[in-house]
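Novice: Can you keep this structure in mind? I'll have questions shortly.
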Amino acid sequence: MAIVLIFLYTLFKNAQNTPSFDDYDTTLNFIRRFYFDNNPINVQKDILLSRHNEHRIVFSKAAAAIYFYIFHEINFRHLILFQNILLIAFFGLLLVLLKQKKLLVPETVLLSAAFLFSLGFWQVTFYYWGGIQHYTVFFCSFLCLFLLNQTTHPASWNFLFSVIAATVGVISFGNGFLALFLGGFLLAVHRRWKLLAAWTIIGIALLTFTFFYQPPAENDALVGFNVEWMARLLFTFLGSFLYINPGTGQNMNILVCMLAGLLVFLTWIWLFFKGYAFKNPLLYSLFSLPVLTAIIVAISRFETKAAGGIAPRYMFFTATIPVFLILILMDLKILKTKHLQILGAFAALIWAGSYYYNVRALEKSNTQIAATLRKWEANRSTSLIDGNKSAEFSEILTWAVDKKVVTLPGGEVVSR
C-alpha cells in the first residue's frame, strides 16, 4: 500500500494544468476543429476518427471533447487525474487475475504495485498526451483477453464486453489490434469454434477500419531499416522495467536492461515451443501483449537505437513483463512461493531507485514547461517545443488562450 500511496501523493502534487508536446495538436487543435470550425456532423466524425500518425486516438479525443462540452474549458490536471483511474483499474484487474490463479498473496501484490506504479514511465503518468492512450489500450486489451478466456458462447455478456473492450483498445492506440490476434489464438486453443468465427468477423472489421479507413498520415523521410538498431531497441525495451534512470552509470543500466530483455525474448520463444502457450493460453497471451508491442515499437522506432528502449513515454508497456513472467514460472513450478519474498524485495528496490531519480526528472520537466509558458505569455514568438512544429503549436496555443479554451498557470479561471 505504501507504494500506491506514495504514487498517488506524487500524482496529486505534480499533475499540472499545462499543455505540453502533443497536447497542442491532439487536444487543443482537436477542440478547435471539432467545436469551433463549424464543421458538419460528418466532418466532425472524421475529425474524431482520423489517424494521428499511424494510429488512432479516438478515446483521447473523445474524453477531451466530453470534458470540454461539460465544463467549457480544458483542464489538463483533471484529464491527467482521470487517465490514472485507468491505471488503477488495470491494477485492480491484475489483482482479480492473481486471485483467480490463487496467487493473491502480499508478495505478488508488492511485485505488481512496484512495476505498475513506477515513475519509470513518468511521461505517461503525468502528461495527457501519453497516459490517456497507453493506459486505455492496455487496460482494454487486458480486459478483452480476460473476458474472452471465460466466454463459452457468442450470446453472452462476457463476449459482448470483450468486443467493446477490443474496439476501444483498437481505436485508442497503435498496438490495440494485437488483442484481436491474441484473442483469436486464445479461442482457437480452447476450441471454441463458434466464438472464433464471430471473433474473426469482428476482427476483420476492426482491422479494416484500423489500416484502411481514411488515407494514412504523411510520414517523415524514411531512414534505411537497420536490423542491429532494431535489436538494440527491442532488447533494451523488453528489459526497461529494470531501468532506474541513474545520475551516473546510465550505460551500465542500459546494458543490464538489454541483457534482461534478451532473456525475456528468448523465454517467450521457449515457452511457445515448449507448448506452454497451448497449456495456459491466457497467461501466455497476456505475456505476449507487451512482447509484441515491443516488437512493433522496435520496428517503427528502430532509428532511436537503445536510447529508444528507455524512453519514458513507452516504458509502461513493459511494466507487466516481470509480473506475467513470474506468474508463468510459478505455474511451471520453476519458481516457488519462497522465492517471492526475494523477488518482492528486489522489485521494491528497483521501484525506490526509479522513484528517487525519476521524480527529479519529472519536476525538472514540469519546471521547464511552466517556465517556457511564462516566457511565451510575455513573448508569443517563444518556441514551445524544439523542432519544426514550434510555430504551428504557438499559433494553436494563441488561439486556445484567446478563446479561453485553456487557462495557463497563474491566469484566472475562465470559460468559453
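Novice: From the residues in the stretch 33-57 that are among the basic types (Lys, Arg) and touching a residue at least 40 places away in the same chain (Cβ under 8 Å), which one is least open to solvent (accessible area, probe 1.4 Å)?
Specialist: Here the residue is Arg56.
Novice: When residues of the stretch 4-17 are filtered for being over 20 Å from the mean Cα position of the chain (by Cα) and of a type in the set (Val, Ile, Thr), how many remain?
Specialist: 1
Novice: Hey, any hits in the stretch 23-33 for a residue that's in contact with a helix residue (DSSP H, G or I) (Cβ under 6 Å, 6 or more places away or on another chain) and either among the aliphatic types (A, V, I, L, M) or at pLDDT 95 or above (or both)?
Specialist: The answer is yes, given that some residue of the stretch 23-33 is in contact with a helix residue (DSSP H, G or I) (Cβ under 6 Å, 6 or more places away or on another chain) and either among the aliphatic types (A, V, I, L, M) or at pLDDT 95 or above (or both).
Novice: Could I ask something else about it? So the check is Cβ under 8 Å with 6+ separation or different chains; which pairs have a first residue in the stretch 165-188 that's in contact (Cβ under 8 Å) with a residue 24 or more places away in the chain and buried (at least 21 other Cβ atoms within 10 Å of the Cβ) and a second one that's part of a loop (DSSP other than H, G, I, E, B) and of a type in the set (Phe, Trp, Tyr)?
Specialist: Val170/Phe177
Novice: Do you know which of the residues in the stretch 143-154 that are in contact with a helix residue (DSSP H, G or I) (Cβ under 6 Å, 6 or more places away or on another chain) and at pLDDT 90 or above is surrounded by the most Cβ atoms within 10 Å (Cβ to Cβ)? Write out each step before concluding.
Specialist: Our first condition is that a residue be in contact with a helix residue (DSSP H, G or I) (Cβ under 6 Å, 6 or more places away or on another chain); within the stretch 143-154, this holds for 143-145, 147-151, 154.
Next cut, at pLDDT 90 or above only: 143-145, 147-151.
Values: Leu143: 21, Cys144: 26, Leu145: 25, Leu147: 21, Leu148: 28, Asn149: 22, Gln150: 12, Thr151: 22.
Looking at residues that are in contact with a helix residue (DSSP H, G or I) (Cβ under 6 Å, 6 or more places away or on another chain) and at pLDDT 90 or above, I get Leu148.
Novice: Hey, among the residues in the stretch 329-343 that are without any contact (Cβ under 8 Å) to a residue 60 or more places away in the chain and assigned to a helix (DSSP H, G or I), which one's surrounded by the fewest Cβ atoms within 10 Å (Cβ to Cβ)?
Specialist: So the residue we want is Lys338.
Novice: Residues in the stretch 296-309: is at least one without any contact (Cβ under 8 Å) to a residue 60 or more places away in the chain, more than 14 Å from the chain's Cα centre (by Cα) and not in a helix (DSSP H, G or I)?
Specialist: no
Novice: Which numbered condition in (1) in contact (Cβ under 8 Å) with a residue 40 or more places away in the chain; (2) surrounded by fewer than 23 Cβ atoms within 10 Å (Cβ to Cβ) is the only one that Ala197 fails?
Specialist: (1)
Novice: If you don't mind, another one. So in the stretch 245-264, with the set limited to residues that are of a type in the set (A, V, I, L, M, F, W, C) and open to solvent by 40 Å² or more (accessible area, probe 1.4 Å), which one is nearest to Leu332 (Cα to Cα)?
Specialist: Checked the stretch 245-264; the qualifying residue nearest to Leu332 (Cα to Cα) is Leu263.
Novice: Here's another thing I want to ask about it. From the list Ser112, Ser118, pick out the single residue that is small (Gly, Ala, Ser) and assigned to a loop (DSSP other than H, G, I, E, B).
Specialist: On the way: Ser112 fails: assigned to a loop (DSSP other than H, G, I, E, B).
It is Ser118.
Okay, residues lined up against (1) open to solvent by 20 Å² or more (accessible area, probe 1.4 Å); (2) among the aliphatic types (A, V, I, L, M):
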{"position": "His72", "(1), (2)": "yes, no"}
{"position": "Arg77", "(1), (2)": "yes, no"}
{"position": "Leu81", "(1), (2)": "yes, yes"}
{"position": "Leu97", "(1), (2)": "no, yes"}
{"position": "Ser112", "(1), (2)": "no, no"}
{"position": "Phe121", "(1), (2)": "no, no"}
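The values are calculated or read from the model by the stated rules, or taken from the named source; none is laboratory data. Only a predicted model underlies this, so the values are computations on that prediction, with no experimental measurement involved. Heads up, the Cβs are rebuilt from the backbone with ideal geometry, glycines too, and the neighbour counts pull from every protein chain shown. Surface accessibility is based on the protein's heavy atoms, side chains included, excluding ligands, DNA and RNA. Shrake-Rupley method; radii C 1.70, N 1.55, O 1.52, S 1.80 Å.
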